[in-house]
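What follows is a short report on a single structure.
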Amino acid sequence: MADVANASTLHMNCEKFPTCQPAPFSTDPEAVQERENCDYTQKLSYEMARNGEAPRRPRVYADGIYDLFHQGHARQLMQAKNIFPNVYLIVGICNDELTHRMKGRTAMTERERYEGVRHCRYVDEIIPDAPWTLTEEFIIAHKIDFVAHDDIPYTGVGVNDIYGWLKAKDMFVATERTQGVSTSDIVARIVKDYDLYVRRNLARGYSAKELNVSFLSEKKFRLQNKMDELKDRGRREFTKVKDDIITKWEEKSREFIDAFLLLFGRDRLNHFWNESRDKLIQALSPPDSPGGSVNGDSNDEDDEILFEDVDLTGTRDIPLEVDMHMEQSAPTRHSCQKVIENGTVSPPSSENEQSCTAYLSEGDEIDGSDVNKSNSLKKKRVKFAF
């Protein structure tokens with residue numbers, strides 16, 4: 001009972017919070033008064049309690065170790081609380097000596113386990129130093145109507161199921177275990193990540209002696225902590241630099257886009273295409289023949305006859321001898337220049353004909369008159385009608 005007294009001093013005085021208090025121990029005045037007010041001579045059946053026809057509050061008992069109190073324990077107590085209407089839930093917890101002897105070592109002390117359960121809102125009363133196997137004397141002393149536990153058989157000294165006799169008297173109600181969570185599972189996680197938890201506690205100020213680790217192990221764990229700290233710092237710096245680069249890029253992106261559009265915008269591309277097309281056409285176009293067309297025929301529109309210093313004031317009866325030269329006035333145009341080289345007059349071949357001497361290129365024609373072809377530029381005699 002000394003441990004129970006010490007357990008009550010673990011937390012602040014809850015008398016100043018009358019609407020929210022932990023469950024009392026079985027020796028506390030509140031629990032004693034509740035037990036004395038219960039008329040245990042009125043026996044309750046399962047059907048009566050289930051249908052809400054009980055003349056008094058049903059007193060349901062649940063027991064366990066409740067080491068590392070977790071949600072599986074809380075769900076078990078919630079089921080026991082709600083198994084009947086208006087249940088008064090009593091929870092028995094075994095002490096350390098009995099638990100270590102029957103089940104093994106616990107992570108929490110008995111006082112810590114008592115306090116963990118009595119602060120659960122489903123609990124109305126705590127029985128410390130609960131027995132491993134229930135007896136009829138214990139049931140009568142605490143005026144228990146039903147015992148709530150999971151339906152898995154638990155062996156004891158000389159018995160295969162310590163709850164068998166309660167099941168025979170119809171005083172047992174079954175609860176369901178929560179799958180995936182148990183105290184053993186939590187301990188297995190801690191053992192699996194032992195180094196991680198040791199390093200964490202060393203970083204929080206625990207000594208190697210308190211954690212029961214050797215000197216070399218302590219140095220190894222502290223070095224690992226320092227390396228992790230450096231990694232975290234480098235990761236933070238890298239993230240900061242990356243964010244700065246992204247911010248600067250966003251600030252300069254508009255300038256980059258404007259410069260790109262200036263160099264490769266639609267107007268610039270159209271201008272570049274037009275220049276390239278003109279150059280390409282000029283490069284692919286062949287130069288014109290300086291002496292005439294490809295077919296050897298002169299172009300009447302491109303050629304023009306230039307007459308210089310020709311005196312035609314004489315009578316039409318006098319023929320004139322004229323030197324005529326073909327000149328190129330442009331890369332694609334030809335001109336013929338008549339030059340009077342001498343004043344000799346040859347007899348006319350007919351009444352309306354004059355003769356002249358012309359220098360013509362191969363294949364040219366003048367005013368529809370035929371020009372004798374030759375391979376080089378030479379004199380040709382041509383007849384003109386004036």
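Name the residue farthest towards the positive end of the dipole of region 88-141 from the options Tyr122, Trp132, Thr106, assuming +1 on Cβ of Lys and Arg, -1 on Cβ of Asp and Glu, about the Cα centre. Result: Thr106.
Projecting the alpha carbon convex hull of region 18-104 along each direction and taking the average yields 7.6 nm². Would you mind estimating how fast region 183-281 diffuses translationally, via Stokes-Einstein at 4 °C and 1.567 mPa s with the Kirkwood radius over Cα pairs, in µm²/s? The diffusion coefficient I find is 66 µm²/s.
Averaging the Cα positions of each part gives two centres, and for region 221-236 and region 52-82 these lie 47 Å apart. Hydrodynamic estimate: the Kirkwood radius of region 29-175 over Cα pairs, inserted into Stokes-Einstein at 4 °C and 1.567 mPa s, corresponds to D of 82 µm²/s.
When the Cα atoms of region 100-156 are aligned to their principal axes, the ranges along those axes come out at 30, 29, 21 Å in descending order.
Residues Met78, Met227 ordered from highest to lowest accessible area at a 1.4 Å probe: Met227, Met78. Note on region 144-239: the alpha carbon radius of gyration divided by the globular reference 2.2 N^0.38 Å gives 1.93. Here region 62-181 is assigned +1 on the Cβ of each Lys and Arg and -1 on the Cβ of each Asp and Glu. Its dipole about the Cα centre then comes out at about 260 debye.
The values are calculated or read from the model by the stated rules, or taken from the named source; none is laboratory data. These numbers were taken from a predicted model, which means no experiment stands behind them. Note that each Cβ is placed from the backbone with ideal geometry, even for glycine, and that neighbours are counted across all protein chains shown. All accessible areas refer to the heavy atoms of the entire protein, side chains included, with ligands and DNA or RNA removed. Shrake-Rupley method; radii C 1.70, N 1.55, O 1.52, S 1.80 Å.
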